[in-house]
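Trainee: Structure below; questions to follow.
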Amino acid sequence: MRSTSELTREQVVSLGGRFMTSPELAAREHASGLPPRTLYFRGRTAVLGDPVPGVVASVIGIFPEWLVETAIVRGFPADRAIDAYLNACWDWSRNHLGAVAEPDRLADLGFAVVDGADPSGLPLFRGWRDAARPDDGPARLGHVLMVLRELRGGLHFA
């Protein structure tokens, strides 16, 4: 029997993170005045405030500190980074998840999981779980997929 983790990998890991390398993220990055390919790091970890590159590397878990050191943007306010990152997620979701049947129902189911999960030892998950949530179905679905991805990834690296 396949585990829930195996059965949901494509939706949670792949689909939940697809916006992270999307044209929508690049557009928000550019509009914010950030260098190319930096909003992924700054935005994703902004829920932690202003962490140093070593902390960013440890919570993301897959990038060496030297790479994070070259990609992290210091001095860009956390609230602006959160806003740009969330809006990139929501933009991507509206553009790519609009045809999904019952996005609000799927989002509600996902939010039931994340709202009931123990965030102990999962700082990115906790931060994104507590972040502002959009109102429309496609954006809500993309948002919850991103938060579920942080839950799954946090558990994996823990």
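The values are calculated or read from the model by the stated rules, or taken from the named source; none is laboratory data. Keep in mind the model is a prediction, meaning the values are calculated, not measured. Every residue, glycine among them, receives a Cβ derived from its backbone with ideal geometry; neighbour counts consider all protein chains shown. Protein only, heavy atoms only, side chains kept; ligands, DNA and RNA dropped before computing areas. Shrake-Rupley method; radii C 1.70, N 1.55, O 1.52, S 1.80 Å.
Trainee: May I ask you to say which residue of ARG133, ARG126 is on the phi < 0 side of the Ramachandran plot and part of a helix (DSSP H, G or I)? Show your work before the answer.
Mentor: Details: ARG133 fails: part of a helix (DSSP H, G or I).
Exactly one residue qualifies, and that residue is ARG126.
Trainee: Just give me the residues in region 6-60 being modelled with pLDDT under 85 and more than 13 Å from the chain's Cα centre (by Cα), in sequence order.
Mentor: Once the filter is applied, which keeps residues that are modelled with pLDDT under 85 and more than 13 Å from the chain's Cα centre (by Cα), region 6-60 yields GLU6, LEU7, THR8, ARG9, GLU10, GLN11.
Trainee: Same structure again: Open to solvent by 20 Å² or more (accessible area, probe 1.4 Å), among the small types (Gly, Ala, Ser) and either within 19 Å of ARG129 (Cα to Cα) or at pLDDT below 90 (or both): is that true of SER3 in this structure? Even if it seems obvious, please write down each step before you answer.
Mentor: Numbers: open to solvent by 20 Å² or more (accessible area, probe 1.4 Å): yes; among the small types (Gly, Ala, Ser): yes; either within 19 Å of ARG129 (Cα to Cα) or at pLDDT below 90 (or both): yes.
So SER3 fits the description; yes.
Trainee: In addition: Please enumerate the residues belonging to region 74-125 that are touching a residue at least 40 places away in the same chain (Cβ under 8 Å), among the charged types (D, E, K, R) and farther than 18 Å from PRO35 by Cα.
Mentor: ASP91, ARG94
Trainee: Residues being in contact with a Phe, Trp or Tyr (Cβ under 7 Å, 6 or more places away or on another chain) and closer than 22 Å to ARG18 by Cβ: count how many of those fall in region 115-158. Explain how you work it out, then say what you get.
Mentor: Taking region 115-158 first, the residues in contact with a Phe, Trp or Tyr (Cβ under 7 Å, 6 or more places away or on another chain) are 119, 134, 139, 142-144, 146-147, 150-151, 154.
Adding the requirement that they be closer than 22 Å to ARG18 by Cβ leaves 134, 139, 142-144, 146-147, 150-151, 154.
Result for region 115-158: 10.
Trainee: On to the next question. Please list, ordered by first then second residue, the pairs with beta carbon atoms under 7 Å, 6 or more apart or interchain, first in region 37-51 and under 19 Å from HIS143 (Cβ atoms), second part of a helix (DSSP H, G or I) and among the acidic types (Asp, Glu).
Mentor: Going by the 7 Å Cβ cut-off, the qualifying pairs are LEU39/GLU29.
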